Amino acid sequence: MGKNKYFSTKSVFGQLISLIDDSMIQKAVEKYNSDRYVKRFKSQDHLFSVIFCCIEKCNSLREVSGGMLGLSGKEETVRINSLPKKSTLADANKGRKVEFFEEIYNNLLQKYSFVLSDSRIKEALKKNVKIVDSTTISLFKDILKCVGRKSVDGKSKGGIKSHSVINADEKVPSLVWFTSATTHDHQFLKKLKCDEHTVYIFDKGYNDYKAFEHFTNQKTGFVTRIKENAKFEVTQKNDIPGKIHSGVLSDEIIEVEVNKEGLKTTLKLRKIKYYDREHKRSFEFISNLFDFRADTIAALYKIRWQIELLFKQIKQNFPLKYFLGDNENAIKIQIYCVLIVNLLLGVVKKSLKRQWSFSNLVSFCRIHLFNYIHLTKFLESPEKDWELNIQSYGQLGLFDDYLATGLIR
């Protein structure tokens, strides 16, 4: 067989984890002392093992340890010093600090933000638009309190809620906070950083007038939907200019009552009513953006759908139904590694000129994980690669030379 320029000295797995620098890992290890009292299965081995689990969508410790046996004798090519045993990986998931994995994710996001970001929204609005939402992951054990009905046997399942913030121009979480599933969404608003150059978008589950007052005092913008039972007083009705999108039905200034430690004050907000022709229904938004056009505020809320697509993408392509441990630490580690893999594949996808759907890209990497294919070159022109194999090398089929002898009539 001829030499093919699309082969690489590193496997696809090795190429993906090469995006994570050794120096980045070492700094995180030193910061959180995550290798203390560890002789063999170091933090780097643990990180790459769970990344392997996430890409291959493994459902058990046995699948991870068995699958990674394919790296026996090739550990140096993927920078792994010790392949995991079931018990070793279980102990590491239970004992190693989650903060190590969080630090790796945040450092990767900082390093590759220039690849992931699309500055068109920021340039148009002169603001950083950030989307806030949460997703609940059900657990089979009552590890964290979960909402919903109890099962027939009376036992309640656990649930972890992942609260996330994504920049509208990056499509990956920039802030993640884990709570039990019973924690109300609006508690997360306290974690958000306020500044005059930021606009937060969230659904009506985050309605909290005290938080809205804090945003307004800090000159931080927000857009959300108003609750059906909200009490307010209309103080002003704004005219709707002809250049505004015809979907805008009303633009009003309202006042709501804020009850803060027994002291009642009023907060001035803007309420927009908008008719969506696509869904054939009207929506009511509230915001503190008094200088923005009414149709711009409606368009901003529509951007919020990006975070729903992100949650769907992560849940469909990575293992979040079965976890490698029945403790909170193991669950958080696996979720952070899923986010790391999602980010790494996002970097690969953004660096390609050829358009690939995210699910197809994940499937390709999963199938060829231990194959020595040059990932980006092959993804740019997979058909051309196969043509080269056939035309340039003229490789015969399995029975071609036998048929050529003419022995078969």
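The values are calculated or read from the model by the stated rules, or taken from the named source; none is laboratory data. Just so you know, these numbers come straight off a predicted model, no measurement behind them. Because the Cβ atoms are built from the backbone with ideal geometry, glycine has one as well, and the counts that use them run over all protein chains shown. SASA here: full protein model, heavy atoms, side chains in, ligands and nucleic acids out. Shrake-Rupley method; radii C 1.70, N 1.55, O 1.52, S 1.80 Å.
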Is it fair to say Lys42 is open to solvent by 60 Å² or more (accessible area, probe 1.4 Å), closer than 30 Å to Glu170 by Cα and modelled with pLDDT of 90 or more?
-> no
Using beta carbons and a limit of 8 Å, which pairs, at least six apart or on different chains, have the first residue in the range 84-104 and among the hydroxyl-bearing types (Ser, Thr, Tyr) and the second one crowded, with 20+ Cβ neighbours inside 10 Å?
-> Thr88/Phe41
Determine which single condition Phe48 fails, assuming it passes every other condition in (1) open to solvent by 10 Å² or more (accessible area, probe 1.4 Å); (2) in a helix (DSSP H, G or I); (3) of a type outside the set (Lys, Arg); (4) in contact (Cβ under 8 Å) with a residue 12 or more places away in the chain.
-> (1)
Here the qualifying pairs (Cβ atoms under 7 Å; residues six or more apart or on different chains; first in the range 300-313 and closer than 12 Å to Ile166 by Cα; second outside any helix (DSSP H, G or I) and open to solvent by 30 Å² or more (accessible area, probe 1.4 Å)) come out as Arg304/Asp203; Gln306/Lys171; Leu310/Lys171
Screening Asp169, Asp208, Asp251 for residues that are at pLDDT 85 or above and under 29 Å from the mean Cα position of the chain (by Cα) leaves only Asp208
Sole exception among (1) touching a residue at least 40 places away in the same chain (Cβ under 8 Å); (2) within 26 Å of the chain's Cα centre (by Cα); (3) open to solvent by 20 Å² or more (accessible area, probe 1.4 Å); (4) over 19 Å from Val12 (Cα atoms) for Gln110, by number = (1)
Determine which member of the set Ile104, Ile160 is at pLDDT below 85, among the hydrophobic types (A, V, I, L, M, F, W, C), buried (at least 20 other Cβ atoms within 10 Å of the Cβ) and under 19 Å from the mean Cα position of the chain (by Cα).
-> Ile160
Any idea which of Val223, Val234, Val199, Val176 is touching a His at 6+ places or on another chain (Cβ under 8 Å) and assigned to a strand (DSSP E or B)?
-> Val176
Identify the residue in the range 260-271 that is more than 23 Å from Phe283 (Cβ to Cβ) and in contact (Cβ under 8 Å) with a residue 12 or more places away in the chain and, among all such residues, is most open to solvent (accessible area, probe 1.4 Å).
-> Lys260
Matching residues in the range 297-326 (within 25 Å of Arg62 (Cβ to Cβ), out of contact with any strand residue (DSSP E or B) (no Cβ under 9 Å at 6 or more places or on another chain) and modelled with pLDDT of 85 or more) number 3
For Ser246: the one exception among (1) within 19 Å of Ala168 (Cβ to Cβ); (2) outside any strand (DSSP E or B); (3) out of contact with any Cys (no Cβ under 9 Å at 6 or more places or on another chain) = (1)
